[in-house]
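Below: the structure, in structure tokens.
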Amino acid sequence: MRNFARRIYIALIIIFLYAPIGTLMVLSFNASKSRAKWGGFTFKWYAELFQNDAILQALWNTLAIALLSSLIATLIGTVACIALQNMKKRNRAIVLGITNIPMLNAEIVTGISLMLLFIVLGIQFGFFTILLAHITFNIPYVILSVMPRMKQLNPSTYEAALDLGASPLQAFFKVTFPDLLPGILSGFLMAFTMSLDDFIITHFTKGPGIDTLSTKIYTEVKKGIKPEMYALSTLIFVTVLILLLLVNKTPKEKKN
């Protein structure tokens, strides 16, 4: 009886998680624009998606901002972790506490604060301001991912590489960097996901004439979401699912 109850509980969790996505995927093949009426199976919305310049431009902006902000934040966050590791314990604790504030702070506060900062500095709102805002809130997540790996490093290996004649740069990339790589990749992926999904901070820091997918969908909610958005969301979900399957697929060990 207990095992049966556990299975039902797990099934309910899966249903609540994936029923909305399943509904969205079904609607992407619905010939009718009405969500309450099935008009037949069609690929029309997928064809119109690639002819909709506004949606494609929003997709390009979203991917470009997410990729650039993640790369820059990963670089800055990794360098920050190296600097933090060389600080005294008390100073390191203070700086880490400060870097945790953006993660604990409400996004609306961060968004309004960045908007006011850009206004005071006289920076024109647009792609650049969104990029700066995303870099800003991504850095703490990178530090959160890289710092645990940094604490596990054995400083003796780096010093041994220096004693063997390697330059500080060579010792870092051949000894330290490989050990930090899992944390760096984890931080990059987390930053990319956070940037791709962000709406509130983007909404307050974007200028007129530029949209990301999140702000584009928010605008369309008022007048009705176009079915092309269902098609795009389906393609994104399927792409992520395929990537997850490829990453988690373990190659079969060759028998000797």
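The residues of segment 215-228 that are in contact with a Phe, Trp or Tyr (Cβ under 9 Å, 6 or more places away or on another chain) and either farther than 17 Å from Leu49 by Cβ or surrounded by fewer than 19 Cβ atoms within 10 Å (Cβ to Cβ) (or both), listed by number, are Thr215, Ile217, Tyr218.
Contact map, segment 149-160: residues that are in a helix (DSSP H, G or I) paired with residues that are not aliphatic (A, V, I, L, M), Cβ distance under 7 Å, separation 6+ or inter-chain. Pairs shown: Arg149/Asp179; Arg149/Pro182; Arg149/Gly183; Met150/Cys81; Met150/Gln85; Tyr158/Thr176. A count restricted to segment 102-130 and to residues that are touching a residue at least 12 places away in the same chain (Cβ under 8 Å) and either surrounded by 15 or more Cβ atoms within 10 Å (Cβ to Cβ) or not polar (S, T, N, Q) (or both) stands at 15. Return a yes/no flag: does segment 67-81 have any residue that is loosely packed, with under 13 Cβ neighbours inside 10 Å, without any contact (Cβ under 8 Å) to a residue 60 or more places away in the chain and touching a helix residue (DSSP H, G or I) at 6+ places or on another chain (Cβ under 9 Å). Checked against the condition, which is being loosely packed, with under 13 Cβ neighbours inside 10 Å, without any contact (Cβ under 8 Å) to a residue 60 or more places away in the chain and touching a helix residue (DSSP H, G or I) at 6+ places or on another chain (Cβ under 9 Å), segment 67-81 yields no hits at all.
Hey, among the residues in segment 38-63 that are touching a residue at least 24 places away in the same chain (Cβ under 8 Å) and polar (S, T, N, Q), which one's nearest to Ile200 (Cα to Cα)? Across segment 38-63, the extreme among qualifying residues is Thr62.
Looking only at segment 168-175, decide whether some residue is in a helix (DSSP H, G or I), surrounded by 12 or more Cβ atoms within 10 Å (Cβ to Cβ), in contact (Cβ under 8 Å) with a residue 12 or more places away in the chain and not aliphatic (A, V, I, L, M). Taking every residue of segment 168-175 in turn, at least one turns out to be in a helix (DSSP H, G or I), surrounded by 12 or more Cβ atoms within 10 Å (Cβ to Cβ), in contact (Cβ under 8 Å) with a residue 12 or more places away in the chain and not aliphatic (A, V, I, L, M). Taken together, Ile76, Ile55 contain a single residue that is under 21 Å from Gly224 (Cα atoms) and under 20 Å from the mean Cα position of the chain (by Cα), which is Ile55. The helices (runs of 4 or more DSSP H) found wholly in segment 21-124 and carrying at least 2 residues that are over 23 Å from Gly187 (Cα atoms) and of a type in the set (A, V, I, L, M, F, W, C) occupy 44-49, 53-85, 107-121.
Any read-out appearing in this document is the output of simple, stated calculations on the displayed coordinates, not a laboratory observation. In this text the structure is predicted, and so the values were computed from the model without any measurement. Neighbour counts run over all protein chains shown; Cβ positions are idealised from the backbone, glycine included.
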